[in-house]
Every structure is written in C-alpha cells, then in structure tokens.
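Worksheet: one structure, shown below.
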C-alpha cells in the first residue's frame, strides 16, 4: 500500500532569530542575549515536523537563485524534505523574517513581504495523488485556493492555515474562499482578536465558535488554536474543546504549525477527528516544551489530552 505524501505549500524564508530578556515596546530598548539564522516559514515548519516523524514530505515554494536560497534548499534536504517543487528565480532576493523571542517564549515577528507575482507561482506545478495531504497557508488570494481545490479534486486531504497578517493582506473574503476549498481550516487567536475587534465583542469561546461558522470548509472541520487556552474546534454541527498541555514554553515560534502537522499526520493515518485534535495539541505542547521530537512521544502525550464536546445550549 502506498504511503501518503505530505505536500507543504507556501513561502520558505530565512528566519533571523533574536533572543532578548523582554520584547521592547515603543521607544524602548533591550539587550540581545543570542541570535542565529534558520530556515523558516509555515511550510518549512510543518514539513520539518512531518519529516522528523518519518513521513514523506515535499515543499512547494519559490526562492531566489542566491546564497540564502541555496542555504534554505540545503537545510530542507538535510532534514529529509523533498525540494523538487521549489522553483529558483534568478532575479529574486530570497526573503527573510526577523523573530524576536523573550525569556517566556513570547515573540514579535517582522515579515519581509514577497511580491504578489512571485507568490502566485507557488504550488502551480504540484500534482498530489489520491490519499496524499496538501497543507497551505493563505500565501496568495488565488494560488493558495487553486492548490487546495486541486488537492481535493485529486482525492488528497486539503488543510489551510489562516493567519494574520495574511488575512489582513488578502481580506476576509479570500480567507473564506480558501476555507471553502479545504477539508480542514485552522486559525488562531490573532485572527480571533481581529474578528472580535471588528464586532466589538469579547474574545471568548462564543466568539471562537462564531469564527468557526464564518469559515466553512468543504470538509466541515475548523480549529481555532488559542495558545495557552487550548483549542476550540467544529466538526460539522459538533463543537469540541481541548485544554492546552501544561508546559512552560521555551519558544512559541512554530507551535501552531506543529499543531497543524500533528493534526494532519493523525488524520492521514485514519484517526478520528477528535483524536487527531488531541495529537495536534500534544505535538504543539511538546514543541513548546522543547521535547518530544518522535511520533511515539506525540502518541503518548495525546493519550492524556481530553476532547470535551460542548453542548449546543452552551455555545452557538
């Protein structure tokens, strides 16, 4: 039986990591305690997690034909991630991202934007097979949606990760179209914050449930990750609530991507949506704690995660 392949679509960038004792505010300063560079971007983060669990993984992206682009390709290959679907453009400077992380693991991120025309090329040549999984963020308002729709048409599982500032760039209508093209949509507390501010409502579970109703995936499954407050999810008409694992975060960068990777890995293996959610929470929690790189560790941690149905009388 053919093993499923995971196709991670989106920009890959050079992450410039800067550690400080605290994240400075306006007109403020902080001392740098450490700094280093690494391959980054949501597609890279998800791919590294899946490859580390022994899965077949490829990344579809675009990089420049420069030293940074070559370094990113080398890092991906070293991690066991396929790079044949990454296009190299001779006149493109490979993008970078600056991530400032404090001692509590909280972070501030500065994103180097990539031109629309470059983003539109990502994933255009991808040809997933039935039984594969395709995971994309809202990297472009048309290309991402086309990739997700093509995945479902081929019989692949399609996942979309809807985050800010991408929704701010492409708009809520594009986010809803991307969700509609996917089997599963995942979003987070930053998006919930923007959602409630537009409506002047509290950022509570009722608001998260309302957000899940705005995003209507073809597969009927939506997850709102809420950081230390866990996850609220919808599966058709069912609402589900999961607590976060009780860990002390070392670095929150990539925790949402690790949740998505764990969720997708479990669903692709045939687990129920409820138990797949537990695996996503476990994968994110272990990542936050700086431990648990193996899938067996994720499975053990997932066994301790409860999935609590929410009554329709409690939440809409």
**Complete:** Between [x] 46, 24, 23; [y] 27, 24, 20; [z] 34, 23, 18, the structure-derived semi-axes √(5λ) of the Cα gyration tensor in Å is [y]
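What number, rounded to the nearest 500 deg cm²/dmol, is the helix-based mean residue ellipticity at 222 nm of the chain, given -39500 (n - 2.57) per DSSP H run of at least four residues and division by all its residues?
On the way: 11 runs with 112 residues, N = 316.
Calculated at 222 nm, the ellipticity per residue is -10500 deg cm²/dmol.
Given a Förster distance of 25 Å, report the FRET efficiency between residue 84 and residue 36 from their Cβ-Cβ distance, rounded to the nearest 0.05. Could the numbers behind the result be given before it?
Numbers: r = 28 Å, r/R0 = 1.11.
It comes to 0.35.
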**Prompt:** Using the 10 angstrom Cβ neighbour count as an exposure proxy, how do 116, 15, 28 rank, fewest first?
**Reply:** 28, 116, 15
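Report for region 5-310 the percent antiparallel among DSSP-assigned beta bridges with both residues inside it, nearest 5. Walk me through the numbers on the way to the answer.
On the way: 26 of 59 bridges.
Rounded to the nearest five, the antiparallel share is 45 percent.
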**Request:** Arrange 31, 273 by Cβ neighbour counts within 10 Å, fewest through most, would you?
**Result:** 31, 273
**Fill in**
Put in order of increasing Cβ neighbours within 10 Å, starting from the fewest, 250, 29 give 29, 250
**Message:** Springs between alpha-carbon pairs under 10 angstrom, Gaussian network model over the chain: which of 216, 71, 176 fluctuates most?
**Reply:** 71
**Relative contact order (%) - criterion: Cα under 8 Å, at least six apart; region: the chain** = 15
**Item:** Mean-position separation - Cα centroids, region 101-130 and region 245-316, in angstrom
**Value:** 22
**Message:** Between residue 129 and residue 202, what is 0.36 nm times their sequence separation minus the Cα-Cα distance? Round to one decimal in nm.
**Reply:** 22.0 nm
**Request:** Classify region 168-224 as rounded, prolate or oblate from the Cα gyration tensor: take a ≥ b ≥ c as the square roots of its eigenvalues, call it rounded if a/c is under 1.5, otherwise prolate when a/b beats b/c and oblate if not.
**Result:** oblate
**Prompt:** Between region 18-52 and region 200-241, what's the alpha-carbon centroid distance in Å?
**Reply:** 28
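Here, each number is a calculation from the coordinates, and none is a lab measurement. Nothing here was measured: the structure is a model prediction, and the numbers come from that model. Ideal geometry is used to build each Cβ from the backbone, glycine not excepted, and the neighbour counts take in all protein chains shown.
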